[in-house]
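Worksheet for the structure shown next.
The values are calculated or read from the model by the stated rules, or taken from the named source; none is laboratory data. Not measured: the values here are computed from a predicted model. Cβ: placed from backbone, ideal geometry, glycine included. Neighbour counts: every protein chain shown.
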Amino acid sequence: MHCLSDASLNETLYGESAGQGEVTVIKRTVFFVSDQTGITAETMGHSLMTQFDGIEFRQVTVPFISTVDKAIEAVRKIDLVAAQEGMRPVVFSTLVQEDVRNVVRGSTGFLRACRRRRCHRHRSGEQQCRGHRAHRTAPRTQASLHHQH
C-alpha cells in the first residue's frame, strides 16, 4: 500500500492556506475508484480523511472499473468535477490492472494508489482472493500473510 505523506496531502487538501492556522471549512470531492466494490479504497481513504479537520468531503465511489473503457469514463467524471469545482479531486484507487490504472493516472485528480498484490492463483487471471474461501477463512499466520491485500 502506498500512503500519502502528511505534507503532500495537507498541501493538496488545504492549498496555500495549509499551516496558516486559519480554521475554515473547505469542501473537497474524493473519488474511490476500484476494479471491485470499492470497499478497500473507501477504507483506505476514510482512514486518511479523518486526520484532516476543517474539510468537508463529498465522497464518490466508482466501482467495477475493470476495463480501459470504464477507466476512461471514470476519468471523465473526475475531470468534470475538477473543472466544476476548480480544485483537483482526491482519488483513492485500488486498481490492479496496469493499463486501467494508467488511464486513471491521466486524470486531473490527485491520485493515491493502494496496490493489491495478487496471489499465485490470480496471476493466471482467476477471480480475486476475496472470492475463494481459503483466503477468507485462513488464520493469519506467517505462511498466509503473503495472500493479504
*Going through the stretch 55-88 one residue at a time, which ones are charged (D, E, K, R), under 15 Å from GLY109 (Cα atoms) and without any contact (Cβ under 8 Å) to a residue 24 or more places away in the chain?*
GLU73, ARG76
*Would you tally the residues in the stretch 20-62 being loosely packed, with under 14 Cβ neighbours inside 10 Å and hydrophobic (A, V, I, L, M, F, W, C)?*
2
*the stretch 84-114 - residue that is within 12 Å of VAL33 (Cβ to Cβ) and among the basic types (Lys, Arg) and, of those, surrounded by the fewest Cβ atoms within 10 Å (Cβ to Cβ)*: ARG105
*If you check every pair at least six apart or on different chains, which have Cβ atoms under 6 Å apart with a residue in the stretch 89-113 that is polar (S, T, N, Q) first and a residue that is part of a helix (DSSP H, G or I) second?*
SER93/VAL104; THR94/THR40; THR94/ALA41; SER107/VAL75; SER107/ILE78; SER107/ASP79; THR108/ASP79; THR108/ALA82
_Matching residues in the stretch 23-41 - criterion: being touching a strand residue (DSSP E or B) at 6+ places or on another chain (Cβ under 8 Å) and either part of a strand (DSSP E or B) or under 20 Å from ASN102 (Cα atoms) (or both)_ = ILE26, LYS27, ARG28, THR29, VAL30, PHE31, PHE32, VAL33, SER34, GLY38, ALA41
*Considering only the stretch 43-58, how many residues are more than 16 Å from the chain's Cα centre (by Cα), of a type in the set (D, E, K, R) and in a strand (DSSP E or B)?*
1
*Among the residues of the stretch 76-83, is there at least one that is surrounded by 13 or more Cβ atoms within 10 Å (Cβ to Cβ), of a type in the set (Asp, Glu) and either at pLDDT below 95 or outside any helix (DSSP H, G or I) (or both)?*
no
*In the stretch 59-94, which residues are among the small types (Gly, Ala, Ser) and within 16 Å of the chain's Cα centre (by Cα)?*
SER66, ALA71, ALA74, SER93
